[in-house]
Amino acid sequence: MNEHGFDVSSAETVNEKCLNCGSNLLFDPETQKLKCPHCETLVDFEKSSNVLENDIREFLNGNQTWNTESVVYRCENCGASLVLAPNQTAASCPYCGASHVVKSEEEAGLKPGAVYPFTITSEVASNFAKTWAKKRLFAPSRFKKDLVTDKFKGVYQPSYTFDSNTYSTYYGRVGVRHTRTVGSGKNRRTETYIVWRNISGDYSHFFDDVTVNSDDIEFQSTINKLLPFNYNSIKVYDTEYLTGYMAKRSNRTVKDCWGDAKSMMDASLRSLILSRHRHDVVDFLNVSTSHQNVTFKYVLLPVYVSNFKYKKKDYKVFVNGNTGKVTGKTPVSPWRVLIAVILGLAIVALLGYLFYSNS
Ligand SMILES: [Zn+2]
Ligand SMILES: [Zn+2]
């Protein structure tokens, strides 16, 4: 019971059983309904697109925890912490494939405010990954064959998205390259010189949904490659969306992520400001920015993950659960590289032969 007298755990209608056969219903990306994995009965649930932005100044107040309507599992092999809907279990870790995934005492933390529901199935995701892998010439064929539907697990990535109205003042010095001809006779030559000028001004810019991954700072570059998600499909978070999926547990605070978001905004402000002034080189640029009406959302992003072991190393492929965009590292097959080198040498030899036999 919480202070309002509600029993939080039973107020949620999580994991409704199929009325036809009694199985646990799972979220279905194709119909956006709950679906029975056995008899395919569909059950709709209430969805809301009315996602509210949270004022950053109030982020410490009134945060709802996710703990009563989720359970945390931990992979004993790679350490990944995964949040699942109650009564669901993780058979294997989506990041390393290990089956030592055990219930953890950790808490799930802040409850997400919003979610981009998965809109493609793991089958569609694996097809996107196969097409992507075909273009990776040096990837071993065993890797390409292993991108099967069963290995693509849907994991929601926790992230904070920030909006901010920025106002910046700046001053700096930029230069443009010019050329001139100097000297005469044998010493006549062209040289490059730079004309410097001072710049200053002010700049206003509204940032919408700057996305910062909140489980692991190293995953940010992967998220950047998977962006964007279907911003039109955003929904108020509800546990139904989690059924049949997992969510990575968030490790970072709003404050830390806001720090990252500000650095990302600073970097794009610098290039936006510089793009207003013709320049080839920058001596220095000093920007001072104030942020107004900063809001954020704690949102889950849909990502399919598949893992692959090659020579004792782990490789992961990620697919955007809305658009099918793929990123990841592939192992390199030494045989394929060797064959490419031999083919390359053969072509050089053949060209050499043709050249000399013609001349
Ligand atoms: Zn059923
Ligand atoms: Zn693992």
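How many residues are of a type in the set (A, V, I, L, M) and either more than 25 Å from GLY22 (Cβ to Cβ) or within 9 Å of ligand 2 (Cβ to nearest atom) (or both) when one looks only at the stretch 84-100?
Start the filter on the stretch 84-100 by keeping residues that are of a type in the set (A, V, I, L, M), which leaves 84-85, 90-91, 98.
Then keep just the ones that are either more than 25 Å from GLY22 (Cβ to Cβ) or within 9 Å of ligand 2 (Cβ to nearest atom) (or both); that gives 98.
Number satisfying all stated conditions: 1.
From the list ILE223, ILE199, ILE194, exactly one residue is open to solvent by less than 30 Å² (accessible area, probe 1.4 Å) and either in contact with a His (Cβ under 6 Å, 6 or more places away or on another chain) or over 30 Å from LYS316 (Cα atoms) (or both). Which is it?
Values: ILE223 fails: either in contact with a His (Cβ under 6 Å, 6 or more places away or on another chain) or over 30 Å from LYS316 (Cα atoms) (or both); ILE194 fails: open to solvent by less than 30 Å² (accessible area, probe 1.4 Å).
On inspection, the qualifying residue turns out to be ILE199.
Quick one: count up the residues across the stretch 8-32 that are away from ligand 1 (no atom under 13 Å from the Cβ) and at pLDDT 90 or above.
Qualifying residue count for the region: 5.
For the stretch 276-323, what are the residues that are open to solvent by 40 Å² or more (accessible area, probe 1.4 Å) and more than 30 Å from ARG173 (Cβ to Cβ)?
Residues satisfying the conditions are ASN293, LYS309, LYS311, LYS312, LYS313, ASP314, LYS316, THR323.
Give me the residue from the stretch 101-135 that is part of a loop (DSSP other than H, G, I, E, B) and within 16 Å of ligand 2 (Cβ to nearest atom) and, out of that set, most open to solvent (accessible area, probe 1.4 Å). Steps first, answer last, please.
Filtering the stretch 101-135 for residues part of a loop (DSSP other than H, G, I, E, B) gives 104-109, 111-113, 116-121, 135.
Narrowing further to those that are within 16 Å of ligand 2 (Cβ to nearest atom): 104, 106.
Working: SER104: 27, GLU106: 59 Å².
The qualifying residue most open to solvent (accessible area, probe 1.4 Å) is GLU106.
Among residues belonging to the stretch 18-52 that are open to solvent by 40 Å² or more (accessible area, probe 1.4 Å) and among the hydroxyl-bearing types (Ser, Thr, Tyr), point out the one that is nearest to ligand 2 (Cβ to nearest atom).
If we take residues in the stretch 18-52 being open to solvent by 40 Å² or more (accessible area, probe 1.4 Å) and among the hydroxyl-bearing types (Ser, Thr, Tyr), then THR31 is nearest to ligand 2 (Cβ to nearest atom).
Only residues in the stretch 29-44 that are within 19 Å of LYS153 (Cβ to Cβ) and in a strand (DSSP E or B) count as the first member; pair them with residues that are away from ligand 2 (no atom under 16 Å from the Cβ) and polar (S, T, N, Q), Cβ under 9 angstrom, at least 6 apart or cross-chain, and list the lot.
Going by the 9 Å Cβ cut-off, the qualifying pairs are LEU34/THR41; LEU34/THR243; LYS35/THR41.
Specify which of the listed residues (ASN165, ASN87, ASN77) is surrounded by fewer than 17 Cβ atoms within 10 Å (Cβ to Cβ) and within 16 Å of ligand 1 (Cβ to nearest atom). Full working, then the answer.
On the way: ASN165 fails: within 16 Å of ligand 1 (Cβ to nearest atom); ASN77 fails: within 16 Å of ligand 1 (Cβ to nearest atom).
None of the other options fit; the residue is ASN87.
The values are calculated or read from the model by the stated rules, or taken from the named source; none is laboratory data. Bear in mind that the values here come from a model prediction, so they are computed numbers and not experimental data. For neighbour counting, all protein chains shown are included, and Cβ atoms are generated from backbone atoms with ideal geometry for every residue, glycine included. Areas reflect the complete protein model, heavy atoms only, side chains present, ligands, DNA and RNA absent. Shrake-Rupley method; radii C 1.70, N 1.55, O 1.52, S 1.80 Å.
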